[in-house]
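Novice: One structure follows; several queries about it will come next.
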Amino acid sequence: MTVNRPLFSQSTSPLRNSYGPLRKTILSSMILVPIVIYLLALGIGYFYFMTSLQNSSLASIKRILGDHGQMIDTFLEERKSDLAFITDTYSYTALKDPETLRQILKQLQHKSSAFVDLGIFDNNGVHVNYQGPYDLSGKIYKDEPWFKAVLENGVYISDVFLGFRKIPHFIIAMEKHSPSQTWIIRATIDTYLFNTLVEHVSIGKTGEAYLLNTKGLLQTRRPSSGSLMEEGTLDHRPPEFHQGLKISIQKDRQGNEQLYATTWLKNKLWMLVVKQDKADAFHTLNTATYLIILTTVIGVMIIILVSFYFTARIVRRLETMDSEKEKLRFQLIHASGLAELGEMATGFAHEINNPLQIIKSELALIQMDLAELIEKAGIQPSETQTELTDSLSQIDLQINRCSQITHAILKFGRRSEPETQTLDLNQFIPEIITMVDKRASVQGIDIRLDPDSRLQFIKADPAQLQQVFLNLFNNAIDAITEKHGSAGGMINLSVDSLTKEGVVISITDNGIGISDENIKKVFTPFFTTKPVGKGTGLGLSVCYGIIKNMGGDMAVSSRNGNGTVFKISLPVERSKFQENKSDDAR
Ligand code: ADP
């Protein structure tokens, strides 16, 4: 077991309880700061992401609307071109022939099955030739709105109407001027086919498309609700004309928000409406929102957990640091207590020492006077005389012990600065050994020296260092004698100069050793295991103080019953050491 200066008992720090507010502050700032930044970053990201996602959803619906409108327009344009081709290719006379018109209708239907029938009218509105499923030949259309419109505009595409056949249909009619005659060709378009064409859009689950005329009546079916020619607007107002594409969000009759995209066709004043449930249109947007909310919740939870973990670690670290500080504070208090004790003890020893000296000289006087009296009076040796002489010797002995103690106390209390000087250890140590060698050899103890030839000089106070070595040797001799009696003792002194602590001097003995319990106390003042009158318990504490004052350190290790090692480390005199090395090199 190895100990340096004994540690002082640790007390539980009162600071422990004061970590609550600190923990709260660290925790709240560790949670709040990242969360605010995280939410801010997420919020900004969310805003831009959502805007772009919304824009892309709207752009997609606009594109569908534009493409679809274009397709319907192309369909109407093509049907108009078909009629123009007939009027340009055939004469009025030829077209009045039923067989010719039947052949033409057949060809048209072959090209586009949208054509239901075909009719030729003179400029009085008389249906001069008709090919189709109804019997409309000879009917007069002079007063029909479509007939008037075609005379006025040259070309006409009607709204969906019932007409003579009493079923919803719409027509495309075209006026033709020839030198001899003005006549009109008219085709009925299959509304079922046209409906299919208009309805055919694929947008999400709820997307649908339909046409409205200028009065707001449905020109195609609306799959969700509404038949042909029914009111198709939500607000019962005719739809307003606008250029290009328009997007709006309105609630339908059931109160659900719907996304409406509208455009007016070029070939007919019909408004193409593409409608989709808003939740369906922004489905991706909603999914993204849920994901972002989930990410936010998880992120915030992670921040909170990590903050709790690190706060606990920081506070634990602070607690450890504070408790170490506390320990040091106690050590300081203890050290200053020792210093005060030293001062008190010195004063006390000084005060005791003076009367002791007087008692000692008075005793010497009594002994002298008694001897003189015995001699002059010729008193014969008797038991009383012997008792008297013994008592006086005992008093002398006890006075000597008292003065020994007071001297030790005075040494302990002396706090003078060491007068350090450069010491040649290889010369100094043998001198010390010579001083104790006699006492050691009487006890049968062999002192061996294991010097380090690399080192010659250290920095130390020679008088104090001598005191330290003498004390260590004396303790070693006592311990050896206790174990081996007066034979078989051994003390080994070795020097090691190349350590990071400086020079290390080890004094090893094979004495009684020190128990684990006692080894913690050997440097404590007044600790002794020696019998009353033999030890003061101040030797090692004085030695420790001396070595520390010299900038060195002292440690002890022992295995109970198997000897003890005291290690002293002292700073090396560098300059001399260098000189010495260079001398060696030469
Ligand atoms: P003292 O010698 O007056 O008792 P010290 O402070 O010098 O006071 O020593 C304190 C105690 O340390 C001793 O009483 C002894 O128990 C123990 N001690 C010191 N040196 C040795 C040693 N070399 N071997 C065994 N015990 C020792």
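Novice: Could you sort out which of 111/246; 205/246; 483/521; 483/520 sit more than 28 Å apart by Cα distance in this structure?
Specialist: Beyond 28 Å between Cα atoms: 111/246.
Novice: Which part of segment 420-442 falls in the paramagnetic zone of residue 549, meaning amide N under 15 Å from the point 7 Å along Cα-to-beta-carbon?
Specialist: 420-421
Novice: Okay, moving on. With θ taken as phi - 60° and the coefficients 6.51, -1.76 and 1.60, list the Karplus ³J(HN,Hα) couplings across segment 403-408 in order, rounded to whole Hz; mark glycine and proline as x.
Specialist: Whole-Hz 3J(HN,Hα) from phi for segment 403-408: 5, 4, 5, 5, 5, 5.
Novice: Using each residue's phi in segment 195-200, evaluate 6.51 cos²θ - 1.76 cosθ + 1.60 at θ = phi - 60° and report the 3J(HN,Hα) Karplus result to the nearest Hz, with x for Gly and Pro.
Specialist: These are the phi-based 3J(HN,Hα) values: 4, 4, 4, 5, 5, 6 Hz.
Novice: Can you list residues whose amide H is under 5 Å from residue 206's amide H, if they're 5+ apart or on another chain and H is modeled 1.01 Å from N?
Specialist: For residue 206, whose amide H was placed from the backbone, the distant partners under 5 Å are 277.
Novice: Assuming R0 = 25 Å, can you tell me the calculated FRET efficiency for the pair residue 452 and residue 524, based on Cβ-Cβ distance, to the nearest 0.05?
Specialist: Given R0 = 25 Å and the Cβ-Cβ separation, E is 0.20.
Novice: Helix-only mean residue ellipticity at 222 nm, the chain, DSSP H runs n ≥ 4 weighted -39,500 (n - 2.57), per residue, nearest 500. What is it?
Specialist: -18500 deg cm²/dmol
Novice: Compute the length gained on full extension between residue 333 and residue 250: take 0.36 nm times their separation in residues and subtract their Cα-Cα distance, giving the result in nm to one decimal.
Specialist: The residue 333-residue 250 span can extend by a further 21.6 nm.
Novice: So which lysines can residue 148 reach, going by Cα to Cα under 25 Å and dropping same-chain residues fewer than 8 places off?
Specialist: Here the lysines satisfying the reach criterion relative to residue 148 are 80, 96, 139, 166, 176, 215, 266, 268.
Every number in this text was worked out from the coordinates using simple rules, so none of it is lab data. Quantities reported herein were computed from a predicted structural model and do not represent experimental measurements. With ideal geometry, Cβ positions are generated from the backbone for all residues, glycine too; neighbour counts draw on all protein chains shown.
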